[in-house]
Structure formats: structure tokens, C-alpha cells
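Values quoted throughout were computed directly from the atomic coordinates according to the rules given, and no laboratory measurement underlies them. Predicted model only: the values in this text are computed from it and were never measured. Glycine also receives a Cβ, built like all others from the backbone with ideal geometry; neighbour counts cover every protein chain displayed.
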């Protein structure tokens, strides 16, 4: 990533999206993974609101102004969960607008390719197609989170990454997303990183972001790295 070559300081990231981004403090998980890996620190910020689309953020949330004022290194764009399937042109349009705004502020845009609903795994093909089409149109890279979910779910029978609503991520699902972002941003495998992450507090239970068995964490880390390696050539 070009921004990483400029300085040894933190990589500032603005995440624009909705609950798929903010559930389980995923961006904090990413920050703690990077700290454990000894890579450049991550300084995440969020412009998120439940259920919202990129078009809503463009018109209503003030995200454009946040990009201009904050001038982050990366802007991560996460669309509402089914908009890329049912209105791919609108998704591509607003993803492209945000990518242009990010570049104007000196930031690299990154698309957050999301996952299918638990009861409809066939959605993943259409989500991936829509995100990759938008990436080609805008020249953006993709963090293939949904594809890592597909790999993990196919590789372990009975694995659950969704909450009971069959849409949102549980802590393991958010951990897998954080591993994909770590691998994408740092171009480095997350295999071997901790499966237990705290928010950096005083060890109280509510400070624990995720706590996975070592074998379970390693399985998710391998799924993340496999997806990132598989999709990197397509983004060039």
C-alpha cells in the first residue's frame, strides 16, 4: 500500500458503512491484531449508522466532509448488505463517487466485500460480482471478507459466523473480517496472531473483544489469508 511507504506513523483508516462494520468493535480488533503483529499501528475511525447505504452516507452523514478534514491514509467503503445485489448500479455509482473523494484527499479507497446471509449462501456469488465490478470501474482494491467467510464455512461443518438474525456477524465473524483487513492492508499473513484480543483496558471482562481457541483462530486466519491471496491478482 502506497501510504505505508511514506511514514512509520500510524495508518489512519476511515470506515464508512453500517452495522456490519461496527458490530463487535471489528475495527478495534483490527487495531489489536496489528499491534500483536508488530506492523505499523492502525488508527481507525468510523462513520457508520445501522442499515445505511453508501448513497445515504454521500447525502446525509457528513462522510464527505470527514474525508476532507481527516485526510486518512485509507477509506474503507461498506455498502448495505443487499444493495449490491438488488441495485448494483447505484452501489457502483456511489462507491465510485466516494473513491474519487478519497483520492482527492490523498487516501486510498478500499471496498469491504461483505458476506451472504446464513440462509442464502448463494448470495455470495452476486455480492462478489457486484463488488468486483465496482472495483474495476473505480480502480479500487477489495478486502474480500465475504469470500473468506465462504472459505471458512465450506471448510468446517457446523461453523457459525452469524448471529441468530442470520445477517450480522458474531464475534468469530468479526474476527475473520479483521483478519482479512489485516492481511489486505499489511500484505501479510495473519496466521499465528492471537485469537484472544482485548480492547486495551484493565482486563475486565467487557474489555475482551474476542476469545477463540488457538486452533479455531488459526483456521479463520488461514481462511482470511487464502481469500486475500486469491483475490489480489484480480485487483491489478
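Determine the relative contact order of the chain: mean sequence separation of Cα pairs under 8 Å and six or more apart, normalised by residue count, in whole percent. Display every interim value, and only then the final one.
Numbers: 435 pairs, mean separation 47.0, N = 236.
Across the chain, relative contact order equals 20 percent.
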| request: Could you work out the relative contact order of the stretch 30-159, using alpha carbon pairs under 8 angstrom and six or more residues apart, expressed as a whole percent? | output: 21
| Which whole-number percentage describes the relative contact order of the stretch 122-189, with Cα contacts under 8 Å and a sequence gap of 6 or more? | 26
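Sort the following peptides by mean Cβ neighbour count (other Cβ atoms within 10 Å, averaged over residues), highest first: 37-44, 157-164.
Values: 37-44: 16.6, 157-164: 13.0.
So the order, starting with the most tightly packed, is 37-44, 157-164.
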| query | Which whole-angstrom value gives the distance between the alpha carbon centres of the stretch 31-107 and the stretch 124-163? | reply | 17
| Average projected area of the Cα convex hull of the stretch 107-212, in nm²? | 8.3
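Could you sort the peptides 170-180, 139-149, 23-33, 98-108 by per-residue average Cβ neighbour count (10 Å cutoff), highest mean leading?
On the way: 170-180: 26.5, 139-149: 24.6, 23-33: 22.5, 98-108: 18.6.
So the order, starting with the most tightly packed, is 170-180, 139-149, 23-33, 98-108.
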| request: Just the Kirkwood number for the chain, please: inverse of mean 1/r across all distinct Cα pairs, in Å, one decimal. | output: 17.5
| query | Can you put 211, 12 in order, fewest other beta carbons within 10 Å first? | reply | 211, 12
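So if the hydrodynamic radius of the stretch 1-127 is defined as the Kirkwood radius over C-alpha pairs, what does Stokes-Einstein give as its diffusion coefficient at 10 °C and 1.306 mPa s, in µm² per second? Intermediate results must be reported in sequence, preceding the final value.
Values: Rh = 15.2 Å.
After rounding, the answer is 105 µm²/s.
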